[in-house]
1. Residue 253 versus residue 304, label points 7 Å from Cα toward the beta carbon: distance in nm?
2. Can you compute the modelled spin-label distance between residue 169 and residue 269, with each label point 7 Å from Cα toward Cβ, in nm?
3. Evaluate E = 1/(1 + (r/R0)^6) for residue 328 and residue 387, where r is the Cβ-Cβ distance and R0 equals 35 Å; express this FRET efficiency to the nearest 0.05.
4. Using a 7 Å offset from the Cα along the Cα-to-Cβ direction at both residue 231 and residue 160, what is the distance between the two label points in nm, to one decimal?
5. Around residue 86, with a cut-off of 12 angstrom between Cβ atoms, what is the net charge of the other residues, counting Lys and Arg +1 and Asp and Glu -1?
6. Tally Lys and Arg at +1 and Asp and Glu at -1 over the other residues with C-beta under 13 Å from the C-beta of residue 393: what net charge comes out?
7. Go ahead and run the numbers for FRET between residue 179 and residue 379, Cβ-Cβ distance against an R0 of 51 Å, rounding to 0.05.
8. Net charge near residue 414: determine it from the other residues with C-beta under 9 Å of the C-beta of residue 414, scoring Lys and Arg +1 and Asp and Glu -1.
Amino acid sequence: MSRGSTSRLDEPTLERAAAALRRSCGISIAPGLTRALDEAVHASAAALSLAPLDFLRRLDAQEPASLAALIEHAVVGESYFLRHPEHFTVLLDRVLPTVSPCEPLRVWSAGCSGGEEPYSLALSLLTARRPAGASVLATDVSERALARAREGRYGEWSLRGVTPLVRARFFERLGAHWQVRPEVKSLVELERHNLVQEPPPAGGFHAVFCRNVLIYFRGEHLQRALSTLASALRPGGFLFVSPAEVPQAASLRLERVEVAGTFLFQRPLGPPRAPVEPSTPRRQAPFASPVETEAPRPVPAAHARALEAARLGRLDEVERLASEVAAKELLPEAFLLLAMTAEHRGDLEGAARAVRKALYLDSSLAAAHAALAVLCQQLGNSGEAAQSRRNALEALEGLDDEEVLRGVEATTAGGLRRALRHGADGLTRNLERE
């Protein structure tokens, strides 16, 4: 292959690049993203003025410059400000009260990407009037991501979750972009760190945020990353992961805590609890995931009994069993069963809360989005009902009409899709019929 060629590389050749990524920083690339990896190899080779195959030979030899170039071009972290806003609320309402006012608050943003998360943490602390001595350490394996974070300049898409009031206070308009103000940047320290190959930063943290990062790891690399995060916490400290990563973090010797419908993990003040067997991540296809996934985990026996009890109309038994599975397994379908029992009692607010917990754990559940649309409509919240219907339709994209959806009822993708397009009334009728 001549230098500068853009011909597609074959699968065995790309696997060499994927293996280099796994060795250097533990990142696994899903088979469906081979085209993106191919583009990353070509871009990395061009950056070093090499032919792709020459570049791959250097990767095989674990040359540092080539490994660094591949990381820069293969690791793409898309984020935005105040992503998962409930986490920032919990930080202020649950974590801050545990820290003495005279004690410097320390937060670690691990895998900070372009800086949106650490600056979100900083502006949240400023809003709570807790900057005195507070600091946010932001780390990433990508120097290019860190350079963007140091610049602190973002487009409209990165600020899509920020209110005009927050923009006016913490950002300065620069043409088509927004610049983070110095008072926000002053709370954030940016450093390069490899989560699976390096020990955690020293000192102990009151809170560690590592969200939408663990999904890039598998096997022993995932366990190393989790161990690094857990050991970075001081006693009583909290670990925040994304909703989809909660099952991955459940194997840690940390106490699982539920606050306002979100799940986080706390390092005990006393001896840690015994570890539990890690849950096998559930397959999320067809929703694009940047990592490989495992086969679906077995349905817990208690959940199977709960489903049978639901079929027989034994709602008290359903609630007892589903509560057990929800607490121990964090199974989204168990929360949907709890929503069903709450709705049967006439507790629509409780049913909606249970459905939101299911979606927090797995946002790909189209049936859950649809159920939330019906509940919100009944509660008079037409705005959230409309958004939930849109979310359900988006979750159905790419599914065959005959595919049976995950959930409590045996609903097909086609049946739910038709009902969603007919609005809330049709949706209610379809769910009852299916």
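Values in this text are rule-based calculations from the coordinates and carry no lab data. All values derive from a computational prediction rather than experimental measurement. Positions of Cβ are backbone-derived with ideal geometry, glycine not excepted, and every protein chain shown enters the neighbour counts.
1. Taking the two extended label points, one gets 3.3 nm.
2. For the pair residue 169/residue 269, the computed spacing is 3.1 nm.
3. 0.65
4. Roughly 3.8 nm, to one decimal.
5. It works out to a net charge of +3.
6. Summing Lys and Arg as +1 and Asp and Glu as -1 gives +3.
7. It comes out at approximately 0.80.
8. Net charge around residue 414: -2.
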